[in-house]
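Colleague: Have a look at the structure that comes next, please.
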């Protein structure tokens, strides 16, 4: 994959991961504030649903380790 295309794909993936984490965090805070979840449950849901999937997806991205 050309460097410029690869950079765009990685940038888009990072932006999606950040957006997903923020959306999940806002949802968990809202659920906590409205009484649907306790503080601990909200934190656990945010970690499992909001942080782990994007982190695992970004971790699985294959970095270009070629040394030219």
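Just so you know, all these numbers are worked out from the coordinates, no wet-lab data involved. As the structure is a computational prediction, the values presented were derived from the model and not from experiment. So basically every Cβ, Gly included, is an ideal-geometry build from the backbone, and we count neighbours across all protein chains shown.
Colleague: What list do you get for 49, 9 if you sort them by fewest beta carbons within 10 Å?
Modeller: 9, 49
Colleague: Could you grab the relative contact order for segment 18-59? Cα pairs under 8 Å, six or more apart, rounded to a whole percent. Walk me through the numbers on the way to the answer.
Modeller: Numbers: 25 pairs, mean separation 20.7, N = 42.
Relative contact order for segment 18-59 comes out at 49 percent.
Colleague: When N is the residue count of the chain, what does its C-alpha Rg come to as a fraction of 2.2 N^0.38 Å?
Modeller: Working: Rg = 16.1 Å, N = 68, 2.2 N^0.38 = 10.9 Å.
So the chain has a normalised radius of gyration of 1.48.
Colleague: Right, here's the next one. Could you give the length gained by full extension between residue 7 and residue 22, i.e. 0.36 nm per residue of separation minus their alpha carbon distance, to one decimal place?
Modeller: Details: separation 15, 0.36 × 15 = 5.40 nm, distance 2.26 nm.
Gain on extension, residue 7 to residue 22, equals 3.1 nm.
Colleague: With everything on Cα atoms, drop me the angle between helix 3-33 and the longest principal axis of the chain, reported from 0 to 90° to the nearest 10.
Modeller: Orientation of helix 3-33: about 0 degrees from the principal axis.
Colleague: Restricting to DSSP H runs of at least four residues, report the calculated mean residue ellipticity at 222 nm for the chain, -39500 (n - 2.57) per run over all residues, nearest 500 deg cm²/dmol. Numbers along the way, then the final one.
Modeller: Details: 3 runs with 47 residues, N = 68.
Rounded to the nearest 500, it is -23000 deg cm²/dmol.
Colleague: Going by how many other Cβ atoms sit within 10 Å of their own, how do 33, 10 line up, fewest first?
Modeller: 33, 10
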